[in-house]
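To keep things clear, I will list the structure first and then write my remarks on it.
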Ligand code: ADP
C-alpha cells in the first residue's frame with residue numbers, strides 16, 4: 001500500500017516536473033524565435049535604410065540634372081520629372097499648358113519665315129504649344145540643324161511624352177515609378193525601376209555581409225518614409241525557426257512519452273499491488289482456515305493428555321509425559337491464537353472491546369503462564385500495578401500482548417531462573433508499563449525491526465529457528481497496543497536484559 005502511495009506521489013512530482021520542463025522549453029523556444037524575428041526585422045530595416053539612401057541619392061542626381069536642363073534644355077532629360085507652377089516641363093508634353101499663340105503662329109507660318117530662336121529654344125515654349133505647332137517647329141529647326149541629334153531625340157520624345165500625375169511632399173517619396181519631392185513651387189522627380197534598384201542594393205548588402213547567403217528582399221508599400229519598405233526572405237532564418245519548432249515538438253513528445261511511462265508505472269504498480277492484496281488475502285484465508293482446523297485436534301490432545309494424567313498412577317514410568325503433552329498443546333494453541341489474532345487485525349476484522357480494565361489482573365495472568373514453563377524456571381515480579389487507574393481496554397487482547405512478552409523472555413532467556421519484572425506507573429496521565437527480563441538483549445539496530453511481522457533474530461547460542469516461534473508475537477503485541485491508541489517499543493536493552501515499554505493514553 002505504501003509503495004503504491006509513493007509511486008503515486010512520485011508520479012504527481014514527475015508530472016509537476018514535466019510541466020515545469022515544458023513551460024521552460026516553450027519559453028526558451030519563444031525567446032529563440034523572438035531573437036530570430038528580431039534578426040529578421042533588423043536586417044530588413046538595414047536593407048530598407050540602404051534602399052532609401054539609394055533612392056534619395058538618385059533623386060539628388062536627378063535634381064542636379066533638372067537644374068542643368070533649365071539652362072541647357074538639350075541635355076539628356078529622360079527619366080526626369082519637373083513640374084513648375086502646375087506646368088509639366090519634364091517629361092516634355094505638348095498641348096498641355098495655355099497656348100503661346102505668338103510662338104505657335106511662328107511655328108505654323110508658311111516657310112521661309114525665320115524662327116526667332118535656335119534649336120533648344122523651342123523647349124522653353126514646349127508646354128504652351130499645340131502638338132501640331134511643336135511638331136512643325138521641330139521640323140523647321142531640324143532642317144536648320146540637321147546634325148543636331150540631341151535636338152532630334154528631344155523632339156521625338158517631346159512629341160511622345162505623356163502627362164505624369166504625382167502628389168509630392170517636402171520629403172522624398174516613391175510615387176508609382178517616380179521618386180518625387182516638392183521644392184517650393186517645383187515638383188522634381190526621377191524615374192526608378194524598383195526591381196533594378198533592389199537588386200543593386202541587395203548586392204551591396206551581401207558584399208557588406210548585412211545579408212547572409214541566400215537572403216533576398218521583397219518590397220511592400222508603407223506609409224512612413226519613402227513609402228516603400230523591405231521584407232527579408234531568409235532561408236537560413238526560416239531553417240533556424242523550423243529547427244526550433246521541430247526541437248520543441250520533439251521535446252514535447254519526449255515529455256509526453258515520459259508522462260505516459262510514469263502512468264504505465266503507476267498502472268503496473270496498482271496492478272501488482274492488487275495482485276499482492278489478492279494473494280495476501282488468499283494467504284490470510286488459508287492461514288485462518290488451517291489455524292482454525294488445528295484448534296480442534298489441539299483441544300482434543302489437551303483433553304486426552306489431562307485425562308491420561310489423571311488416570312496414570314503417580315511416579316509411574318510415564319513420569320510427567322501427560323503434563324508435557326498439555327504444555328506442548330498449550331504452546332501450539334498460543335501460536336495458533338497469535339496467528340489468528342494477527343490475521344484478524346491485519347484484515348481489519350477485529351474491533352477491540354472497550355471495558356474498564358484493572359491492571360492488577362496482569363500479575364495472575366503472568367504467574368499462571370509462567371507455571372506452564374516446565375524446563376525453565378520463570379520468576380515473575382510485579383510492582384505498581386495497583387497504583388494505575390483503570391482504563392477502557394480489551395482484556396483478551398491485552399492478555400495476548402503481555403503473554404507474548406513473557407513467553408519471549410523465557411524462550412530467549414539464557415540465565416536461570418528467567419526473571420520477568422513488570423513495573424507500572426502513571427506518567428503525565430499515561431499508563432506506562434515496563435516489562436524487564438534478564439535475557440541476552442536485543443541489538444540496537446534490530447530494536448525496531450523485531451516489531452515487523454515474521455522478522456526473527458538469530459539469538460546468542462541459540463538460533464531463532466531452533467526456538468519455537470513465528471516472528472509474529474511482537475508484531476501482534478504492537479498492533480494491539482496501537483488498537484488501544486498506545487505504543488510499544490524497546491525502551492532499553494543490554495546484554496543483561498531488555499525492557500519493553502507499553503504506554504497507553
Ligand atoms: P517469535 O518469538 O515468534 O520469533 P517475536 O515477534 O515475538 O517472534 O520476536 C521477534 C524476534 O525478536 C525473536 O525472534 C527474537 O529474536 C527477538 N526477541 C523477542 N523478544 C526478545 C527478548 N525478550 N529478548 C531477546 N530477544 C527477543
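Label 7 Å along Cα→Cβ of residue 307; the stretch 315-351 residues with amide nitrogen under 19 Å?
318, 321-330
Obtain the nm distance between the two label points defined at residue 109 and residue 150 by a simple spin-label model: each point lies 7 Å from its Cα along the Cα-to-C-beta direction.
In this crude label model, residue 109 to residue 150 measures out at 2.7 nm.
Using helices alone, I'd like the mean residue ellipticity at 222 nm for the chain: each DSSP H run of four-plus residues gives -39500 (n - 2.57), total over residue count, nearest 500.
So the calculated ellipticity at 222 nm is -18500 deg cm²/dmol.
State, as an integer percentage, the relative contact order of the stretch 192-304 based on alpha-carbon contacts under 8 Å between residues 6 or more apart.
After rounding, I find 12 percent.
For a test of the definition: using alpha carbon positions, the gyration tensor, and the 1.5 limit on a/c, classify the stretch 243-397 as rounded, prolate or oblate.
prolate
For Cα pairs less than 8 Å apart in space and 6+ apart in sequence, what is the mean separation divided by the residue count of the chain, i.e. the relative contact order in percent?
Reported relative contact order: 11 percent.
Enter the Cα centre distance for the pair the stretch 176-233 and the stretch 386-439, rounded to the nearest angstrom.
Their Cα centres are 102 Å away from one another.
Please compute the length gained on full extension between residue 208 and residue 277, using 0.36 nm multiplied by the number of residues separating them and subtracting their Cα-Cα distance.
In short, 17.3 nm is gained.
Run the quick spin-label model on residue 170 and residue 99: label points 7 Å from Cα toward the beta carbon, then report their separation in nm to one decimal.
Reported label-point gap for residue 170 and residue 99 is 4.0 nm.
Specify the angular offset, from 0 to 90 degrees and rounded to the nearest 10, of the alpha carbon long axis of helix 194-207 from the longest principal axis of the alpha carbons in the chain.
50
Taking R0 as 35 Å, what's the FRET efficiency between residue 494 and residue 324 from their Cβ-Cβ distance, rounded to 0.05?
Rounded to the nearest 0.05, the efficiency is 0.55.
Under a crude label model (7 Å from the Cα following the beta-carbon direction), how far is residue 299 from residue 353 in nanometres?
1.7
If you average the C-alpha positions of the stretch 264-331 and of the stretch 1-45 separately, how far apart do those two centres end up, in angstrom?
61
Taking the Cβ-Cβ separation of residue 426 and residue 252 as r and a Förster radius of 51 Å, what is the calculated FRET efficiency to the nearest 0.05?
Here the calculated transfer efficiency is 0.20.
Helix 473-483: angle to the longest alpha-carbon principal axis of the chain, degrees 0 to 90, nearest 10?
70
Can you give me the angle between helix 395-412 and the longest principal axis of the chain, using Cα atoms only, in degrees from 0 to 90, rounded to the nearest 10?
Between helix and principal axis, roughly 80 degrees.
Compute the Cα gyration tensor for the chain, then decide on rounded, prolate or oblate, letting a ≥ b ≥ c be the square roots of its eigenvalues: rounded whenever a/c is under 1.5, prolate when a/b is larger than b/c in the other cases, and oblate in all that remain.
Note, shape of the chain comes out prolate.
Nearest 0.05, what FRET efficiency do residue 270 and residue 292 give at R0 = 35 Å with Cβ-Cβ as r?
0.65
Coordinate-derived values only; no laboratory data. What you see is a predicted model, and the numbers here were worked out from it, not measured in a lab. FYI the Cβ positions are ideal-geometry reconstructions off the backbone, even for glycines, and counts take in every protein chain you see.
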